[in-house]
Structure formats: C-alpha cells, structure tokens
Ligand code: BDR
Ligand code: CA
C-alpha cells in the first residue's frame with residue numbers, strides 16, 4: 001500500500017506526542033517527511049527538544065525543523081498549567097543526541113511540498129503560524145497540498161469561553177489557513193472531548209513491559225491530573241491524536257462539510273471558529289468538520305497500535 005506523505009507540525013505536548021506515536025507506528029499508513037515545531041504549549045525551543053526526545057524514543061529517523069517563535073501578530077501565550085514547564089511534564093526522557101536541522105520549519109514545509117512528486121498532507125496540532133507563513137511566502141504550494149488535517153477550534157472554547165487554545169494563540173494565522181482554499185479536515189473540541197483518557201482507559205492501556213505504553217501512561221497521568229485540576233474533567237482529552245487516527249482510519253469519524261470562519265475582531269470571541277453546522281450563512285463549505293468519533297473503535301485501535309511497539313522489540 002502506498003503511504004500518504006505527511007508533515008507533522010506540532011508543539012509537543014502530551015497529546016501531540018501521542019499523535020506522533022500513532023503516525024510512526026507499524027500500523028501507520030503515513031510516510032512522515034519531517035516534524036516541524038512551533039511556539040504553542042511552551043516556547044518553541046522546548047517543543048523542539050520534546051520532539052527530538054520523542055523521535056529518539058520511537059527510533060523515528062525523520063528530520064526535526066524548528067519554526068515560528070511566536071504568533072504572526074500578537075504576543076505568545078503558553079499553556080504550562082496543562083503541559084507543565086517543559087511542555088511535556090511527567091515522563092523523564094533522556095536528553096536527545098539527535099539535533100534539530102538548520103533549516104527553518106517554514107522553508108522545510110515549502111521545499112518539501114514543492115519538490116514532492118505526490119501531494120503532501122500537513123498535520124498541524126499546534127497554533128497555525130508555520131502553516132500560514134508557508135502559505136503566505138509560497139502560495140504556489142497550495143496546489144501540491146493534499147489536505148490540512150488539523151486540531152483546533154470547535155463550537156466551544158477551552159482558552160476563553162469561545163476559543164480553543166491552538167486557534168486563539170494565532171487566530172490571524174488560522175484565518176489565513178481557513179481562507180486558503182486548501183482542503184481542510186478539522187478536529188475541534190467537539191470531537192476531541194469524546195476521547196478522554198480517564199482512569200479506566202489509562203488502566204486498559206497500561207502495559208509495564210512495553211516502553212512506549214509506559215511513556216503513554218506517564219503522559220496520561222500528568223495530563224489527566226492537569227485536566228482535573230484546571231477544568232474538573234476526569235482525564236485528558238487526547239485532542240491531537242484525532243488527526244493521525246483519522247488519517248489511519250477515516251471511518252472512525254463522522255465528518256460534515258461546512259463553512260468555518262475565524263473570528264479575529266470580537267471582544268469576547270477572538271479566536272472563535274464559527275462553524276456553520278446548520279448552513280445559515282450561505283458561505284461555501286471550506287472544512288470537513290469532525291462531529292463525532294466511534295469511541296470504542298478509537299481506543300481499540302490505539303491499544304492495537306501500542307501493541308505493535310512491543311512486537312518491535
Ligand atoms: C490543544 O492545545 C494544546 O494544549 C494541545 O496540545 C492541543 O493541541 C487543545 O486545545
Ligand atoms: Ca498540540
């Protein structure tokens with residue numbers, strides 16, 4: 001089977017890490033051309049170190065390119081209350097020997113998409129700064145992007161009542177992406193809050209002999225505690241993992257083609273994704289919006305993926 005070429009653009013991040021684990025697994029149908037990092041959960045340099053650590057743990061030999069140090073227009077915002085001061089608190093991974101590439105993430109995205117024989121899918125799971133900058137700097141790449149499969153937004157918020165973190169941090173970048181005309185698949189809070197790794201799921205996934213499953217358990221323990229303390233939710237939604245799960249098994253998700261517009265002006269709604277589910281605007285659909293996921297099949301598949309890592313040993 002021919003693998004789909006992807007670039008994982010991320011700010012790891014507990015759930016970003018899980019998304020990478022899925023993409024890099026034996027079960028995956030993805031060919032990872034590279035990982036690019038962006039300022040988001042914490043400063044971009046820390047996100048890059050985390051990406052390098054994850055690559056080493058997974059023995060994933062792909063280039064890691066560091067990208068934007070902050071949003072396009074406004075100052076950075078970080079989410080240490082959810083991800084800790086390292087951006088991936090919980091597991092203790094060794095300092096990586098692997099180093100980041102010299103080339104900036106935006107230039108790597110442009111070069112990779114331009115020179116690829118097949119179309120490339122971009123998978124952003126952090127703020128959309130790198131993706132927007134690439135589209136602005138090299139609009140010609142649009143034709144060679146298969147799809148942008150992103151985690152962000154939703155019909156409610158987690159950073160403000162109206163806005164989800166990834167979109168809020170760089171709403172101007174999100175606007176560029178949503179208005180780009182490139183096919184989008186969007187995994188917002190509506191669907192990501194359907195895959196909450198509560199205690200029962202954590203128990204089910206735990207497998208002390210499997211190094212990667214142990215890493216996942218440590219991630220979920222910290223992440224779950226942060227969600228409990230901060231939001232009163234029993235367990236962390238593994239938001240970003242929806243993107244790569246969708247690429248592996250699209251049938252797990254119920255998608256609707258709708259128009260989504262990005263709010264960049266509202267006093268209370270900055271960073272909101274206005275999802276036209278009932279088609280009230282008459283605007284052209286620009287996004288495949290994930291409405292729901294088959295939770296049972298999702299966790300079954302994730303468990304199956306973790307087992308493949310044990311077989312690798
Ligand atoms: C998103 O924000 C980050 O905290 C997570 O990694 C995810 O990408 C959820 O709002
Ligand atoms: Ca993320």
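Tabulated data for the structure shown
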| item | result |
| --- | --- |
| Residue within region 271-280 that is out of contact with any strand residue (DSSP E or B) (no Cβ under 8 Å at 6 or more places or on another chain) and farther than 20 Å from residue 176 by Cα present | yes |
| Any hit, region 33-53, residues being more than 16 Å from ligand 2 (Cβ to nearest atom) and in contact (Cβ under 8 Å) with a residue 60 or more places away in the chain | yes |
| Among residues of region 1-18, those that are within 8 Å of ligand 2 (Cβ to nearest atom) and either assigned to a helix (DSSP H, G or I) or surrounded by fewer than 24 Cβ atoms within 10 Å (Cβ to Cβ) (or both), counted | 2 |
| Test set (1) within 16 Å of ligand 1 (Cβ to nearest atom); (2) part of a loop (DSSP other than H, G, I, E, B); (3) farther than 17 Å from residue 72 by Cα - residue 207 fails condition number | (1) |
| Any hit, region 224-237, residues being in contact (Cβ under 8 Å) with a residue 60 or more places away in the chain and closer than 18 Å to residue 123 by Cβ | yes |
| Among residues of region 60-72, those that are in contact (Cβ under 8 Å) with a residue 24 or more places away in the chain and either assigned to a strand (DSSP E or B) or more than 10 Å from residue 129 (Cβ to Cβ) (or both), counted | 6 |
| Residues located in region 168-204, provided they are within 16 Å of ligand 2 (Cβ to nearest atom), part of a helix (DSSP H, G or I) and within 24 Å of residue 225 (Cα to Cα) | 168, 169, 189, 191, 192 |
| Residue list for region 54-69, filter: surrounded by fewer than 22 Cβ atoms within 10 Å (Cβ to Cβ) and on the phi < 0 side of the Ramachandran plot | 55, 56, 57, 58, 60, 61, 62, 63, 69 |
| Qualifying residue in region 144-159 (condition: surrounded by 18 or more Cβ atoms within 10 Å (Cβ to Cβ) and away from ligand 1 (no atom under 15 Å from the Cβ)) | yes |
| Residues of region 19-43 classified as within 16 Å of ligand 1 (Cβ to nearest atom) and outside any loop (DSSP other than H, G, I, E, B), total | 8 |
| Answer from 239, 230 - the residue that is part of a loop (DSSP other than H, G, I, E, B) and within 16 Å of ligand 1 (Cβ to nearest atom) | 239 |
| Count of region 96-123 residues which are in a loop (DSSP other than H, G, I, E, B) and touching a residue at least 12 places away in the same chain (Cβ under 8 Å) | 11 |
| Region 132-160: number of residues that are under 14 Å from residue 177 (Cβ atoms), touching a residue at least 40 places away in the same chain (Cβ under 8 Å) and either away from ligand 2 (no atom under 13 Å from the Cβ) or assigned to a loop (DSSP other than H, G, I, E, B) (or both) | 8 |
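One line per residue, one yes/no per condition, for (1) over 24 Å from residue 216 (Cβ atoms); (2) crowded, with 16+ Cβ neighbours inside 10 Å; (3) in contact with a helix residue (DSSP H, G or I) (Cβ under 6 Å, 6 or more places away or on another chain):
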{"site": "91", "(1), (2), (3)": "no, yes, yes"}
{"site": "110", "(1), (2), (3)": "yes, yes, yes"}
{"site": "119", "(1), (2), (3)": "yes, no, yes"}
{"site": "132", "(1), (2), (3)": "yes, yes, yes"}
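Every read-out reported here was derived from the displayed coordinates using simple, explicitly stated rules and does not represent laboratory data. Since the model is a prediction, treat every value here as computed from it, not as a measurement. Note that we place each Cβ from the backbone using ideal geometry, even for glycine, and neighbour counts take in every protein chain shown.
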